[in-house]
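Only one structure is covered here, and it is reproduced in the block below.
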Amino acid sequence: MAEEHEISPLEKKVAEQIEYYFGDHNLPRDRFLKEQMQLDDGWVSLETMLKFNRLKSLTTDATVIVKSLQKSKTGLLEISEDQNKIRRCLTKPLPELNDEYRDAVKHRSIYMKGFPLDTTLDEVKEWLAEKGAVENIHMRKGPQKTFKGSIFAVLNSEDAAKAFVMRDDVKQFKGNDMLVLMREDYSAKKAEEKKQCRVQSKAKAKSEKEENLRQSEAEEMKALVDQRGCVLKFSGELGQTSREDFHSLFSEHAQIKWINFIRGAQEGTILFRSSAEEALQKAREAGGGTELKVNDREVQWEVLEGDAEMEMLKKIIESQQESLNKNKFKGGKGTSLNCSLSTSASVLLLNCFDALVRIWHQCSKAKFAPHSTATPPQTQERTLHAAGHLPKRVA
C-alpha cells in the first residue's frame, strides 16, 4: 500500500492510531471493534472508524485515512477496492494469546516512572519516538482514572527493551528524574515491597495487640486495686477439701469472683466482689458464731491487706492470663477460638459463669438433701472458678 510520496506528520499520526486499533495489543480486548469485524469478513467501514474519539480528534476526512494507510510501511491493514472499508491483512493474523506469548511480551516490556501528572499520551509517544521501536504505551491510572505518572511500554524485541533501559536520554523527562526498569525487575521490586509491607503490618499488629493487652491488664489491675479488702486467705490441714466446699460456704453471703485453690493444698485465696471481712463475718454468724470450719476441719482465715493483697491480686491476673494463653486455640482442625477478650467482654462472660455456678449449687443442694440416700459424685478437680477456666475480669 505504500506510495512514493512522503508521509506527512498528520498522516503518520492517523496511520499509527488506526494501526493501534487493529494491533496485537488493542484488538484482542476491543469488543466493539471485534464485533464490527465479524459482520463483514473482517472489514470495517471508514464511517465506523471515524466514530473512534482519538481518530476523530485527528481527522474527520475519510480521504486522509486512505492516504495515510497507503503511505504506511507496516503493511498491517488493507483498503477495499471502493476505498470505503479497511481490515487487518489476512496474512497477519493475531498471535495466539497463550502463556508463551504473554511471557514474551513481558520480557520486552519496560516500566517508567517520573512523568508529570498532566503529561499526555501524545507527549510520551513523541518523546519515545526516537528512542526505540515502541509497539504499545500504557498510561497507568489510579482509582480516580487520572494519570499516575508512570507507564508500561512494549518494544519490538527483548534486546531492544534491554538497550532502552540503558540509554542515558531516558533518565530525565522535562527536568524530572525518571525510574526506568525492565518490567520483570519492576514486578520483583513491587513483590518485595509488598512482602516488607506485610511483615511491617504484622509486626505493627502484634505490637498493638501487646499494647492493648498491657492496657487491659493495667485497667483490670486498677479496678481491682480500687476495690481493696476483697481478698480472703485461708490455710490449714484441708485434706480433700475442694473449691466447691469453699463456694458452698460463702456463696449465700457474698458474690465470689475467683477461688484460687487446688485440692490437696494447704492454703488458697478467695476474691470477693465486695468486702472479704463482711463475707467472713456473715459466714461465721450463719454457723452460730463459732469458729468457721470447712468439712469439720479447722481453718485459719486472714483478710489480706497492703502489699500482701497487692501481690495476690497480681498473681490472680497472671494466673488468669496464663490460662487464657493455654486455651487460646482449641478445636483441633476446626475454627480456632480467640480468647483474648476485652475487659467488658470478660466481665460479661464471667457474670454468666457466676450465674451458672449459683444455679449448679442450688441444684446440687436439692438433689443431695440429708434424706437422700444418693452419694454425690466426685467433683472435678477444677471447677468454673478454677484458674484456667475463667477469663480475666474486673469488678
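Here are the numbers for the structure shown:
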quantity: Hits in the stretch 157-169 - residues which are surrounded by 13 or more Cβ atoms within 10 Å (Cβ to Cβ) and either over 38 Å from the mean Cα position of the chain (by Cα) or assigned to a strand (DSSP E or B) (or both); calculated: 157, 160, 163, 164
quantity: Test set (1) in a helix (DSSP H, G or I); (2) farther than 20 Å from residue 312 by Cβ; (3) without any contact (Cβ under 8 Å) to a residue 12 or more places away in the chain - residue 288 fails condition number; calculated: (1)
quantity: Among the residues listed as 201, 187, 216, the single one being among the polar types (S, T, N, Q), under 30 Å from residue 122 (Cα atoms) and either outside any helix (DSSP H, G or I) or out of contact with any His (no Cβ under 7 Å at 6 or more places or on another chain) (or both); calculated: 187
quantity: Matching option when the condition is touching a Ser or Thr at 6+ places or on another chain (Cβ under 6 Å), more than 30 Å from residue 261 (Cβ to Cβ), among the charged types (D, E, K, R) and modelled with pLDDT of 90 or more, among 167, 183, 198; calculated: 183
quantity: One residue from 200, 196, 240 being more than 37 Å from the chain's Cα centre (by Cα), loosely packed, with under 14 Cβ neighbours inside 10 Å and over 30 Å from residue 129 (Cα atoms); calculated: 240
quantity: Failed condition for residue 209, given (1) without any contact (Cβ under 8 Å) to a residue 60 or more places away in the chain; (2) basic (Lys, Arg); (3) loosely packed, with under 12 Cβ neighbours inside 10 Å; calculated: (1)
quantity: Filter result for the condition that a residue is at pLDDT below 90 and over 26 Å from residue 322 (Cα atoms), over 229, 306, 289; calculated: 289
quantity: Verdict on residue 55 being of a type outside the set (D, E, K, R), within 20 Å of residue 28 (Cβ to Cβ) and part of a loop (DSSP other than H, G, I, E, B); calculated: no
quantity: Test: residue in the stretch 115-131 that is of a type in the set (A, V, I, L, M, F, W, C), touching a residue at least 12 places away in the same chain (Cβ under 8 Å), within 28 Å of residue 54 (Cβ to Cβ) and exposed (fewer than 14 other Cβ atoms within 10 Å of the Cβ); calculated: yes
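The values are calculated or read from the model by the stated rules, or taken from the named source; none is laboratory data. In this text, all values refer to a predicted model and were calculated from it rather than measured experimentally. In this analysis, Cβ positions are derived from the backbone assuming ideal geometry, glycine residues included, and neighbour counts consider all displayed protein chains.
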